[in-house]
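Notes to accompany the following structure.
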Amino acid sequence: MNTLNSPIGVFDSGVGGISVLKELLKQMPNEDYLYFGDSVNAPYGTKPLAHVRELTFRNIEMLLNKGAKAIAVACNTATSAAVADLRRMYPELPLVGIEPAIKPAVLHKEGSRIIVMATPMTLRLDKFKRLVDTYKDRAEIIPLACPGLMEFVESGNLLGEDLHRYLTELFWSVDNEKIDSIVLGCTHYPFVKAAIKNAVDEDVAIFDGGEGTAREMKRRLDNAGLLKISDKKGKVTFINSRNTDEELKLCRFLLESYP
Ligand code: DGL
């Protein structure tokens, strides 16, 4: 049976969710975490919807079988594809997803011009359309699909020349001069924040959903009486569908180097 001493399960299509894991650790350092990255099946964002849903259901079941007391879907794509069904399937489980942080960007500056970088699937699904509808009168919201960007992070390339070229070309379609903020609507992208700033403008404000997701997880665990009571630092266990030493080394590196 899962108790308050059981780990929080965190999953993503690959290493991107480690940006969310870092926020969870900041807010709940005493919890244990079981992080699953499905790097073998990455990227999710350019796959058919039915396939992503099936992978998401399978990953969550696996984490629950390994004893997770709660689940953070640390992937915007998987959240958009499956979160409503997941809530129906596991009504009692503290289960938190992630969505593009448009709200903080709007609150940062009303009437601003906001670019939302995300996978093609996240931008295509209704969940995103509903989010844009909520804020469309308070900001100009411009979706920018980034197929191919998560692959740079998966290969550990966070600041290379080819990444710079990719980003520069990506932003050709956008008028850089007038960007107030950028929302990173994919959990891989915070790892290339410096490269994005280089390619656009050092002064642009950048937002991601990690902090809000961690806050919501803490609230849900508290409500369920499942917050771990301990003053000992918790431990992080990584599992990855491409269970190579290299992959696990990348996970550790990203966790340690991310601010
Ligand atoms: N990290 C995932 C997200 O937040 C997506 C990357 C992918 O698998 O395409 O959307």
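None of the figures in this text is laboratory data; all of them are computed from the coordinates on show. Remember, predicted model here, so these are calculated numbers, not experimental data. Note that we place each Cβ from the backbone using ideal geometry, even for glycine, and neighbour counts take in every protein chain shown.
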Revision key, fill the gap. Flagged in the range 1-24 as of a type in the set (A, V, I, L, M), buried (at least 20 other Cβ atoms within 10 Å of the Cβ) and farther than 17 Å from L149 by Cα, in numbering order, are I8, V10, V20, L21, L24
Check your understanding: What is the one condition in (1) outside any loop (DSSP other than H, G, I, E, B); (2) among the aliphatic types (A, V, I, L, M); (3) over 14 Å from the mean Cα position of the chain (by Cα); (4) crowded, with 23+ Cβ neighbours inside 10 Å that A68 does not satisfy?
Key -> (1)
Check your understanding: Taking the range 28-56 on its own, how many of its residues are closer than 19 Å to R252 by Cα and either in contact with a helix residue (DSSP H, G or I) (Cβ under 8 Å, 6 or more places away or on another chain) or surrounded by 15 or more Cβ atoms within 10 Å (Cβ to Cβ) (or both)?
Key -> 11
Practice item. Determine if the range 114-136 includes at least one residue that is part of a loop (DSSP other than H, G, I, E, B), away from the ligand (no atom under 12 Å from the Cβ) and either within 17 Å of the chain's Cα centre (by Cα) or surrounded by fewer than 15 Cβ atoms within 10 Å (Cβ to Cβ) (or both). Key: yes
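Which of the residues belonging to the range 1-39 are among the charged types (D, E, K, R) and either under 12 Å from L221 (Cβ atoms) or not in a loop (DSSP other than H, G, I, E, B) (or both)?
D12, K22, E23, K26, E31
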**Study point:** Members of the range 137-154 that are closer than 21 Å to M121 by Cβ and in a loop (DSSP other than H, G, I, E, B)
**Key:** C146, P147, G148
